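Below is one structure, written out as C-alpha cells, with a few remarks after it.
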C-alpha cells in the first residue's frame, strides 16, 4: 500500500517533463519556420517595401468579418516612385529610427510598447492627418518639430523633440506607410481610415 | 581667477573621497554585519542581492516619475521624458530580478552540490563587469537618451526594443557574464553531486542564455523583429524564469520547512512539464496581431489558456507543504513571502494573464492599460516576492544564523513591509485594470482605435481618476519598499538566540 503509484512517482514526472518540453519545442521550431517564410517582406501578409508606391487602405471585409489592408492604385510617397531597393532603404532608415529614438517606450507598435501615446500600427491611415493631401507634409513637420506642431487632442501630452532630421522623418513616414499594409488579423478593430472620411 | 583661488573653492577630490569613505564606514558600523558568517559563494550572492535592492529602488523611483507624467504631462518635459523614465523603470525591474535570481543560485549551489563553487574568481570578476556595464547603460539612458537612426546608436545607446533596450555592446557583455555564471553552475555540480534540482536548473539556464541571443539582431521587417523579440521576452518570463523560481522555491521549501526532497522534486518535475507544456506554445498569444499567420490565434489562445495550471500546482504545492509542516519555519518573513509568491504568481501571471489572453477579447485589450495591470501584478507576484523571500533567507545567515521565527524583535517591520508592498501593487493593478477596461470600451469598441479615439479614452474622467489612484498606490508601494529596506538592514541585529535546526520530515 505504501508504494508510490506510477503517476505520482518522481521518475514518471521527470520523463514527462523531458518529453513535454521536447515535443513543444519541436512544434515551435516547425511553426517558426512556417511563420517566418509566410511573413517575408514581399509575401501576402507582409508586402514588399515598394508597396509604399501604392495607395493603402484598411477596410472591413464582411465575408472574413475583420478589417484587412486593401492595396490600390499608384500613390507615390513624396511624389516619387521608388524601386524596391530604394523603398527598402527608406523603410529601413525609418525602422532604425523607430528603435534608436525609443518610440516604443511611449507608443505601441503593432500594439506592443508603452501606453503613453497612440498606437502606430495604422498611423499612416489615421484621420488625425486631416486630408490625404496634407498628410505627408504634416507628418514630416510633426516628427521634426513635435513641440510646435503638437497634436495633443486636449490631453496636454506632447511628443518631445527627438532631433529627427528631414531624411529620417521621411524614413519614418515610409516605415509607417509600409507597416499599415501588414495583414494584422483585424487589429485594430473597427478602425476608420482617412480614406473612409474622404469617400 | 588664479589656480590657487580655484583650488580653495573646489573641494579636493581626495577629501570628497575621504568623506564618502567615512560615510560608508559609519554605515557599515551601523548595519554591523559580519561577512565571515557566509561562505565564499554566499558572499558573492549577497553582493548580487545588494545591487538588486538598489535597482529595485531605482525601478520604483522611475515608476513614480512615469506615473506622475500621466497626471502632469508637462512634468520634466524635454529633460526626462516619459520614454526615458519608463525605459529605466522596466529595465531596472528586469535587471534587479536577474540579479536576485543569480544571487539566489550562487547561494544555493554550494549547499545543493555539497562542494565549493568552481571558478569563483571568474564569478567575482563577472559580477563587477556586469555591475559596471549596468551602471554605464543606465547613465547613457539618462544622459544620452536617444540617437540618430544609425547602427552605431544601436551598438552604443539604445536598441529601442521594449525590455531589452540595452545597446548591443551590453548584450555581448551580458552574454559573456551569463556564460561564466553557467560555467560556475555546471562545473560546481559536476565536481560535487547532481540532483533533480541541479538538473532542472542547469537545463533551464542553458535555455535562458540561448534565448537571449534571439534578441540581439536588427531586422527591417517589423513582423520578424517582433517574432524574435517575443522569443526572448515571453520565453523568459512565461517559461524559463517560471521554472527558475520553481527551482528556487523547491530548494527554499526544503530549507525553510524541512520538506522532503522526493516530494519537492516530484513537484518540480510536474511544474516543468506543465509550465513548458503550456508556456512554450503559449508564446502564440503574442503573435495574434503582429502580421503572423492566423493559426497562431488558435495555438496561442489554447496553450496560453493552459498557462495558469502550473501556477495552481505551485500554490497547492507551497500551501500543502507548509500545511504539512504546520507552517512551522525557521524564518517567518521568508515563508510569508514564499506564500505571497505562490498567490501573487497565480493571480498576477495566471488569472490576470488569462483574463485577456483569448484573441476574442485580446483584440480589444491588446496595447491598453490591461497589459500594464497584468504586468504590475505578475512581475511583482511571480518574481519580486520570491527574491524578497531569498533576501530574508540570506540576511538570517549573514547575521550568523539567528532566530527569525516567532517573537523576533520589531517583527512589525517585516509585516508592514509585506502588507504595504502587496497592498500598493494590488491597488495599482486594480487602478490600471479600470483604466484598461475604459480604454477597451471607449477607444477600441466605440471610437474605433484611431488617435482621436485613443485620446478620447485618455481624457475620460474614469481614466484620469484611475491614473491618480495608481499614483497613490505607487506611494504606498514606495513606503513598503522603504520599510523593507530598513527591515533588511536591521532585522536580527540584536538577536542573541540561534535559529532552530531544521529537521527534514
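Of the residues contained in segment B:139-146, none is found to be in contact with a strand residue (DSSP E or B) (Cβ under 8 Å, 6 or more places away or on another chain) and in the same structural domain as residue B:55 (by TED's automatic domain parsing). On the stretch given as segment B:55-79, residues that are in contact (Cβ under 8 Å) with a residue 60 or more places away in the chain and within 14 Å of chain A (Cβ to nearest Cβ) total 5. Inspect segment B:229-246 for any residue being touching a strand residue (DSSP E or B) at 6+ places or on another chain (Cβ under 7 Å), assigned to a helix (DSSP H, G or I) and buried (at least 23 other Cβ atoms within 10 Å of the Cβ) and give the result as yes or no. No - not one qualifying residue is present in segment B:229-246. When we screen B:163, B:141 for residues that are in a loop (DSSP other than H, G, I, E, B) and either within 14 Å of chain A (Cβ to nearest Cβ) or within 25 Å of residue A:95 (Cα to Cα) (or both), the only hit is B:163. Here is the figure for segment B:191-215: residues that are part of a helix (DSSP H, G or I) and touching a residue at least 12 places away in the same chain (Cβ under 8 Å) total 16.
Quick check on segment A:144-159: of everything there that is more than 9 Å from chain B (Cβ to nearest Cβ) and surrounded by fewer than 16 Cβ atoms within 10 Å (Cβ to Cβ), which residue is nearest to residue A:88 (Cα to Cα)? Filtering first and then ranking leaves A:145. Scanning segment B:113-126 for residues that are crowded, with 22+ Cβ neighbours inside 10 Å and in a helix (DSSP H, G or I) turns up B:113, B:123, B:126.
Considering segment B:80-100 alone, what residues qualify as being more than 13 Å from chain A (Cβ to nearest Cβ) and either under 15 Å from residue B:43 (Cα atoms) or more than 9 Å from the chain's Cα centre (by Cα) (or both)? Passing the criteria: B:99, B:100. Across segment A:160-199, the qualifying residues are those that are more than 9 Å from chain B (Cβ to nearest Cβ), outside any helix (DSSP H, G or I) and buried (at least 22 other Cβ atoms within 10 Å of the Cβ), and the one among them that is nearest to the chain's Cα centre (by Cα) is A:180. Take the conditions (1) within 14 Å of chain A (Cβ to nearest Cβ); (2) out of contact with any helix residue (DSSP H, G or I) (no Cβ under 7 Å at 6 or more places or on another chain); (3) at pLDDT below 95; residue B:455 misses just one of them, which is (3). In segment A:42-51 there is at least one residue matching the filter, namely being facing chain B (nearest Cβ under 7 Å) and either touching a residue at least 24 places away in the same chain (Cβ under 8 Å) or in contact with a strand residue (DSSP E or B) (Cβ under 8 Å, 6 or more places away or on another chain) (or both). Name every residue in segment B:458-476 that is surrounded by fewer than 21 Cβ atoms within 10 Å (Cβ to Cβ) and away from chain A (no Cβ under 12 Å), in order of residue number. B:461, B:462, B:465, B:468, B:469, B:471, B:472, B:475, B:476 - these are the residues of segment B:458-476 that are surrounded by fewer than 21 Cβ atoms within 10 Å (Cβ to Cβ) and away from chain A (no Cβ under 12 Å). Taken over segment B:165-180, the criterion of being touching a residue at least 60 places away in the same chain (Cβ under 8 Å) and crowded, with 21+ Cβ neighbours inside 10 Å is satisfied by B:165, B:166. In this structure, residue B:416 does not qualify as without any contact (Cβ under 8 Å) to a residue 12 or more places away in the chain, in a helix (DSSP H, G or I) and surrounded by fewer than 19 Cβ atoms within 10 Å (Cβ to Cβ).
Among the candidates A:148, A:161, A:185, the residue that is at negative phi and modelled with pLDDT of 95 or more is uniquely A:161.
Applying the criterion of being buried (at least 23 other Cβ atoms within 10 Å of the Cβ) and either touching a residue at least 12 places away in the same chain (Cβ under 8 Å) or assigned to a helix (DSSP H, G or I) (or both) to the residues of segment B:441-452, the residue that is farthest from the other protein chains (Cβ to nearest Cβ) is B:443.
Among the listed residues B:372, B:431, identify the single one that is within 14 Å of chain A (Cβ to nearest Cβ), over 24 Å from residue B:249 (Cα atoms), surrounded by fewer than 22 Cβ atoms within 10 Å (Cβ to Cβ) and under 23 Å from the mean Cα position of the chain (by Cα).
B:372
All of (1) more than 14 Å from every other protein chain (Cβ to nearest Cβ); (2) at pLDDT below 90; (3) part of a helix (DSSP H, G or I) hold for residue B:320 with one exception: (1). Of everything in segment A:99-134, what is part of a helix (DSSP H, G or I) and either free of Cβ contacts under 8 Å to residues at least 24 places away in the same chain or within 7 Å of chain B (Cβ to nearest Cβ) (or both)? Give them in sequence order. Hits for segment A:99-134 are A:99, A:100, A:103, A:104, A:105, A:127, A:128, A:133, A:134. Close Cβ contacts (under 7 Å, 6 or more residues apart or on different chains) running from residues in segment B:235-255 that are free of Cβ contacts under 8 Å to residues at least 24 places away in the same chain to residues that are part of a helix (DSSP H, G or I) are absent. When residue B:404 is tested against (1) over 26 Å from residue B:39 (Cβ atoms); (2) in contact with a strand residue (DSSP E or B) (Cβ under 7 Å, 6 or more places away or on another chain); (3) away from every other protein chain (no Cβ under 14 Å), exactly one condition is not met: (1). Inspection of segment A:76-92 identifies no residue that is part of a helix (DSSP H, G or I), free of Cβ contacts under 8 Å to residues at least 12 places away in the same chain and within 8 Å of another protein chain (Cβ to nearest Cβ).
Test residue A:179 against the stated conditions and say whether it is over 26 Å from residue A:44 (Cβ atoms) and in contact with a helix residue (DSSP H, G or I) (Cβ under 8 Å, 6 or more places away or on another chain). Spelling it out, it is not the case that residue A:179 is over 26 Å from residue A:44 (Cβ atoms) and in contact with a helix residue (DSSP H, G or I) (Cβ under 8 Å, 6 or more places away or on another chain).
Evaluated against (1) over 15 Å from residue B:386 (Cβ atoms); (2) within 13 Å of another protein chain (Cβ to nearest Cβ); (3) buried (at least 24 other Cβ atoms within 10 Å of the Cβ), residue B:259 falls short on exactly one condition, (2). Restricting segment A:1-39 to residues that are assigned to a loop (DSSP other than H, G, I, E, B) and surrounded by 14 or more Cβ atoms within 10 Å (Cβ to Cβ), the residue that is farthest from the other protein chains (Cβ to nearest Cβ) is A:9. Taken together, B:297, B:311, B:281 contain a single residue that is assigned to a helix (DSSP H, G or I), under 17 Å from residue B:240 (Cβ atoms), touching a helix residue (DSSP H, G or I) at 6+ places or on another chain (Cβ under 6 Å) and within 12 Å of chain A (Cβ to nearest Cβ), which is B:281.
For (1) more than 11 Å from chain A (Cβ to nearest Cβ); (2) outside any helix (DSSP H, G or I), each residue gets a yes or a no:
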position	(1), (2)
B:153	no, no
B:159	no, yes
B:170	yes, no
B:180	yes, no
B:183	yes, no
B:188	yes, no
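The values are calculated or read from the model by the stated rules, or taken from the named source; none is laboratory data. Quick caveat, the model's predicted, so the values are computed rather than measured. Positions of Cβ are generated from backbone atoms using ideal geometry, with glycine treated the same way; all protein chains shown enter the neighbour counts.
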